[in-house]
Each structure stands twice: as structure tokens, then as C-alpha cells.
2 protein chains.
Amino acid sequence: MDHVRSLIRDVPDFPKQGIIFKDITPVLANPTALRTVIEKLAGLFADQSIDKVAATESRGFIFGVSLAMRLDAGFVPIRKPGKLPYQTNKVSYSLEYGEGHLEVHADAFRAGENVLFIDDLLATGGTALGSCQLIEQQGARIAGLGFFIELGFLNGRELLEGHDIRSLVTL
Amino acid sequence: MDHVRSLIRDVPDFPKQGIIFKDITPVLANPTALRTVIEKLAGLFADQSIDKVAATESRGFIFGVSLAMRLDAGFVPIRKPGKLPYQTNKVSYSLEYGEGHLEVHADAFRAGENVLFIDDLLATGGTALGSCQLIEQQGARIAGLGFFIELGFLNGRELLEGHDIRSLVTL
């Protein structure tokens, strides 16, 4: 994992002044590092039987579908409003300033399915919480939440209390 | 592939009246179908040595990173403006009405690398053409363009003439 960590690039003042953005594109560009991240994330949930992996656009899709392939699970995209063509369920969640909205297809999950939520980054946890609500609304069970990087100082874990949260890299 | 085809869902009048949208989410949700699509796409390019797979957000990421993992290549995300944190190269391309814009990190490709462009859908080919320009600007070589679904009647192949285009399903 030292190799993977060394490829996470700090970009200062993105998306705004004072924020240091964790750029994961050098990890994605390196086949060995990319494979390591997916293998290690899969290893974190090796004790679970996963029916579906869900993830939010766009970076979440990258890790979510890779995990789904690795765990032989289905993949469910959770999207911003107006992107999914079929009937959807919607949820609103709090952002630092204002509100975010997410949608998932109304037939995405079956009752009782074990669903793993995957994202590249756990920050304040708003997106993950909204996604969990969408998954549970359809009667599925959240088996766990997996993140490549967790920004511990933003306390996303508190917002997501009660869920099984596992991260590869905590900063 | 019959199983995969049967899971592509027609959604009428999305995103606007008169368009029949090809909904691939039932394919993604089915682990066997998802694996089949990735294996078959990989098979289409088995004669090529691929260094990197590039794809555009958001659905393109799903197939692009899966192919990268399968081919043991790196993955490069091509994004809408303002999403990538580091220095970028930009390109504009024609849409049915107006212009689209894409960006890629300025250090995404090395000169001489073999790059496979992957997307879920070949329609008019504008996004693919813009992406190819970004890849070639950095001195990399387009090894081929792979699509899950090709809408043959929109003639995307004409716009992309000179490139090696391979599709799994042509409609």
C-alpha cells in the first residue's frame, strides 16, 4: 500500500482556495496500484456475501464496478437527478452549503439483498448517507460501506453511525 | 450474448420525446451479463497490446475501468470541464445542438503509449472524436475504440473514419 499512497497526489486550492484535493488519477493510471486498491478493498469485505455493489457518479463508479466484478456481484449506479431513464426513487441530503439530490432506479434492489456501498472518498458522509437511504427504501440490507480514502478529520463516520465502515487509507 | 441483449431495456421518450433510450442498468445489475460484456469487449482487442484505457464520464467509466482491470492496463478518466484537479488539456466537439467540452489531465498519457477508448454507446461519435483528439495531442496512439452498443443508423463510424472501431451489439 506504500506504493499506492505515494501515488495519491495533493492538489492545493481545488476545488476552492484552502482545500487540498486528493487526486487519485495517478493511482488509476498505474495498473499495479489500481489492482492493489481493488484487491485490498475486496479483502476488507471477504467475510461478507455481497449481492450488489452500489456507487455514486462519477468517481464512485470506477471503484464500485471494479469491486462488483471482483466480488461477482451486480453493479447499481446511483446518479444525480435526471440521468437515469427508468422510474426512480429520489433522496435529498445535506451538503456543506445547501442540498444534494440522488436517484436510483426503482427496481435496482430486491428485498433482502446484501448491498455494499463503495466510494473513492469518505468526507462528510452526506452522499453515502443519502445512498444508504435509497438502498434501504427498497428493502435491501447495507452489508457495509467501503472507501479507498477516508478523511478522518471530517467525521463522516459519525453521520453514518450504525453502519460497518471500512477504509483502505485514512488521512 | 442473447442473455445480454435481452437485458438491454428500451425506455421510450428519454431524454426527450421520440427518443428510445437504451437502458443498460439491467445488464450491470446481473453479474453474469456484466462479466460477459467485459470478457467479450476484451476479446475484441485480444490482438492488441494496450497500455491505457481511456473513457468519458459517467457510464463510460463503468466499462473503461473494467476493461483496464481485465487487460492489466492503466485507466484514464476524461471528464467534463472543471472536474479534474490538476493541469488539463481541453477540447471542444460538436453536439446535435451546440458544443460539448472535455478535459484530460495534461500528464495522462506518455508519447507512444497504446490507448484503447471505451464507451457504453456509439451514437453520433462526437464524444469519441473529442476524446481521440485529447489522446493524440499527448503523443499517444489510438489502438482502437470499443463500444458495448453501436447505434448504426447514426453513422458515428463516418465521423471516426480511420480508427479501428469494434462494437459488441449493433442496433
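When you scan region B:109-128, do you find a residue that is among the polar types (S, T, N, Q), under 27 Å from A:Thr36 (Cβ atoms) and in contact with a Ser or Thr (Cβ under 7 Å, 6 or more places away or on another chain), even just one?
There is at least one residue in region B:109-128 that is among the polar types (S, T, N, Q), under 27 Å from A:Thr36 (Cβ atoms) and in contact with a Ser or Thr (Cβ under 7 Å, 6 or more places away or on another chain).
So that you can scan it fast, the table gives a plain yes or no per residue for (1) over 19 Å from B:Ile78 (Cβ atoms); (2) within 11 Å of chain B (Cβ to nearest Cβ); (3) in contact with a Phe, Trp or Tyr (Cβ under 8 Å, 6 or more places away or on another chain); (4) surrounded by 13 or more Cβ atoms within 10 Å (Cβ to Cβ):
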| position | (1), (2), (3), (4) |
| --- | --- |
| A:Pro15 | no, yes, yes, no |
| A:Asp23 | no, yes, yes, yes |
| A:Pro26 | no, yes, no, yes |
| A:Ile38 | yes, yes, yes, yes |
| A:Gly43 | yes, no, no, no |
| A:Lys52 | yes, yes, yes, yes |
| A:Phe61 | no, yes, yes, yes |
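How many residues are modelled with pLDDT under 95 and of a type in the set (D, E, K, R) when one looks only at region A:9-39?
Final tally of qualifying residues: 1.
Is there a residue being modelled with pLDDT of 95 or more, at the interface with another protein chain (Cβ under 9 Å from one of its Cβ atoms) and within 30 Å of B:Ser49 (Cβ to Cβ) anywhere in region A:75-97?
yes
Which ones in region A:136-168 are of a type in the set (Phe, Trp, Tyr) and in contact with a His (Cβ under 9 Å, 6 or more places away or on another chain)?
None - no residue of region A:136-168 is of a type in the set (Phe, Trp, Tyr) and in contact with a His (Cβ under 9 Å, 6 or more places away or on another chain), so the list stays empty.
Residue by residue through region A:2-13, note down the ones that are buried (at least 17 other Cβ atoms within 10 Å of the Cβ) and either touching a Gly at 6+ places or on another chain (Cβ under 9 Å) or closer than 19 Å to B:Asp51 by Cα (or both).
A:Val4, A:Leu7
Might you check whether a residue that is crowded, with 23+ Cβ neighbours inside 10 Å and either farther than 20 Å from A:Phe61 by Cβ or more than 14 Å from the chain's Cα centre (by Cα) (or both) occurs anywhere in region B:86-96?
No, every residue in region B:86-96 fails to be crowded, with 23+ Cβ neighbours inside 10 Å and either farther than 20 Å from A:Phe61 by Cβ or more than 14 Å from the chain's Cα centre (by Cα) (or both).
The values are calculated or read from the model by the stated rules, or taken from the named source; none is laboratory data. Not measured: the values here are computed from a predicted model. We place every Cβ from the backbone using ideal geometry, glycine too, and count neighbours over all the protein chains shown.
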